[in-house]
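The values are calculated or read from the model by the stated rules, or taken from the named source; none is laboratory data. Because the structure is predicted, anything quoted here is derived from the model rather than measured. When we count neighbours, we look across all protein chains shown, and the Cβ atoms used for this are built from the backbone with ideal geometry, even at glycine. To get the accessible areas, we keep the full protein, side chains included, count just its heavy atoms, and leave off ligands, DNA and RNA. Shrake-Rupley method; radii C 1.70, N 1.55, O 1.52, S 1.80 Å.
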Amino acid sequence: MDQVLAPSRPAAGGTSLLKASGIVKSFGGNRALNGVSLDVHENEIMALVGDNGAGKSTLVKILSGAEVPDEGTIHVSGRLAAIQSPHDAHDLGIATLHQNLGLVDCFDVPQNVFLGRELSTKILGVLPLLRRAEMVERTKALLRELDIRMPYLDRPVSTMSGGQRQAVAISRLLLGDIKLIIMDEPMAALGVHEGQKVLDLIQRLSLRGISFLIVSHNMEHVMSISNRVAVLKNGNLVGVVPTERTTRQDITSMIIHGRV
Amino acid sequence: MSERIAVEQKFLPDLLGRLSSLARRIFLAGGILPIVLVVAIVGFAIAEPRFLTYNNLFNVARASSFLVVVSMGQMLTLLVRGIDMSIGSTEALVSVCVALVMATVLAGDPNAPWLAIAAGIGAGMAIGAAVGAINGIGIAVFNVNPFIMTVGMLSILSGIALTVSGGMPMYGMPKQFGEVFAYAAPLGIPAPVWVAGGVFLIMYYILNWTPFGRRIYALGGNIVASRLAGISTRLHMVMAYVMCSVIVAVGGVLLTARVGTGEATLASTHVLESITAVVIAGVSFFGGIGRVGNVVLGAFFVTLVTNGMNLLRVPSYQQLIVLGVLLILAVVVDQVRIKMMQQVRAE
């Protein structure tokens, strides 16, 4: 079992996409992350697991730019990256799907897809003007490319099913040049059938060269979809193991006992 | 004969059924406003023939323009899931200061009425921006509940306006101010209506055709999602309140031109009326939903009701009761509409 404690051991694909080193983050006197180092490779689906309060959410927030670490460095594709905001992360090709999906319920699909990144031109060089038709067209093209089918795009997403909303949220992330998608409990609110659809979508996207870092409590999903599993406990990284060389029991034991 | 009765018996329920399903569809799509607007116009026209004359409608259009303007301001605060209870006292403070500045500049140089007018309007806009910035910063940065923040400001602004004016009307503005901004009517359309139309066009453009406007809606719809999408939510929230108060200041300037004096008790009914107008227009209290065109109609409707009641000689005290009932009903009906929409969704 020694060899599995190995961020040094590259998985299939090999080169490092996102490398976090010695990440420390405290909230008040509470140390949420205690020097965590993690390396996500290109073309890999990495699962991030751990008990409640292990520091998963904090780590995810830091990698996605929602929080800034107290200490530690992040390298993206080998280059030192200063991620101060979700915008910075997005510019580096890192996008995050949050548990609540980050959708505006009263907005339709194109409005959500382009949320915060609205396309506009300047009229007379100064006055911005939304390119609404173009946003609708590009949303259609994007959904077609991802093989996501939706009955209608021009209704509020609050009228849609959980799986459809998830698909909107994921396609939203893929606008632009995205290399890594971070997901916080992506299947938590979905039924079995819809959850499977989202897993299929993740697998399809990973075949197109997109890496995933997925936080999940669902061991079945973790085992079925990931290439490697990273385990956190009390703000420390317990270890990173290749999924095919481990079992659910091993991982559960790492989560509970904090060792391999 | 019996055939005819049968046809009538079939026809009448059929017609009623169609009418009610049409009303239902209009209600779901546009809220209560189109229905009550038609009911009010037909009702007042039947009860009082003078209601539908050109002169009266001209009067209603002019009288409504003040409320139309401030309601568009109020709308912005509801869009970001807030409220502005201080708009009436903002108008009052603007009125007092506009009058003070104009009178002072005019006293310094009696031959420069336009300089006085420009200085007065500039001061009014600046006060609006400052009030909005204080409201917005209190709410967005210090997390004061919007209702509490703006009720506090209501008291503060009203106190300042009364202190500055000593509780008396303030005279000494150039007569051109009223002539142009209240009584001029280019192309037969009153000046305040022109201004309201201008504010409407700007609001329509900003809310529907700019990234900023879309982010205002996004912020009201889901502030967390907006922040995660990289939108600077605090800045947008503050800007919404600044825009609101500047627009309200425009209303204050117009009203001051209309009454001809600076008044510290101006527009005290505007808070209630603007909230009624905005809610009847289908702007959600929960943020993110509402169209500026409907708000214009909503404010027009509220003025229309007041005007109709005046023509019918309903005493002003009882008009207050009607307005209060209208506001509460509008909110109740909005809730019913949301429930019905969810049912439609479930179907």
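For A:ASP147, the requirement of being under 29 Å from B:LYS339 (Cα atoms), more than 12 Å from chain B (Cβ to nearest Cβ) and open to solvent by 50 Å² or more (accessible area, probe 1.4 Å) is not met. The set of residues in segment A:23-40 that are surrounded by fewer than 15 Cβ atoms within 10 Å (Cβ to Cβ) and under 19 Å from A:ILE182 (Cβ atoms) contains only A:SER37.
Checking every residue in segment B:86-97 against the condition of being acidic (Asp, Glu), part of a helix (DSSP H, G or I) and either buried (at least 17 other Cβ atoms within 10 Å of the Cβ) or in contact with a Pro (Cβ under 8 Å, 6 or more places away or on another chain) (or both) gives at least one match. Any residue that is within 14 Å of another protein chain (Cβ to nearest Cβ) and either touching a strand residue (DSSP E or B) at 6+ places or on another chain (Cβ under 9 Å) or hydroxyl-bearing (Ser, Thr, Tyr) (or both) - is there at least one of those in segment B:240-253? No. Checking segment B:180-202 against the condition returns no match, with no residue being in contact with a Leu (Cβ under 7 Å, 6 or more places away or on another chain), open to solvent by 10 Å² or more (accessible area, probe 1.4 Å) and free of Cβ contacts under 8 Å to residues at least 12 places away in the same chain. Considering segment A:112-134, and only residues there that are facing another protein chain (nearest Cβ under 10 Å) and part of a strand (DSSP E or B), the residue that is surrounded by the fewest Cβ atoms within 10 Å (Cβ to Cβ) turns out to be A:ILE123.
Among the residues making up segment A:65-111, those that are of a type in the set (Gly, Ala, Ser), more than 10 Å from chain B (Cβ to nearest Cβ) and open to solvent by less than 20 Å² (accessible area, probe 1.4 Å) are A:ALA81, A:GLY93, A:ALA95.
Determine whether B:GLY252 is in a helix (DSSP H, G or I) and either of a type outside the set (Ser, Thr, Tyr) or crowded, with 24+ Cβ neighbours inside 10 Å (or both). Taking the combined requirement at face value, the residue satisfies it. Taken together, B:GLY43, B:GLY73 contain a single residue that is touching a Gly at 6+ places or on another chain (Cβ under 8 Å) and surrounded by fewer than 17 Cβ atoms within 10 Å (Cβ to Cβ), which is B:GLY43. Restricting attention to segment A:170-193, does a residue exist that is within 12 Å of chain B (Cβ to nearest Cβ), of a type in the set (A, V, I, L, M) and within 19 Å of A:CYS106 (Cβ to Cβ)? Taking every residue of segment A:170-193 in turn, none turns out to be within 12 Å of chain B (Cβ to nearest Cβ), of a type in the set (A, V, I, L, M) and within 19 Å of A:CYS106 (Cβ to Cβ).
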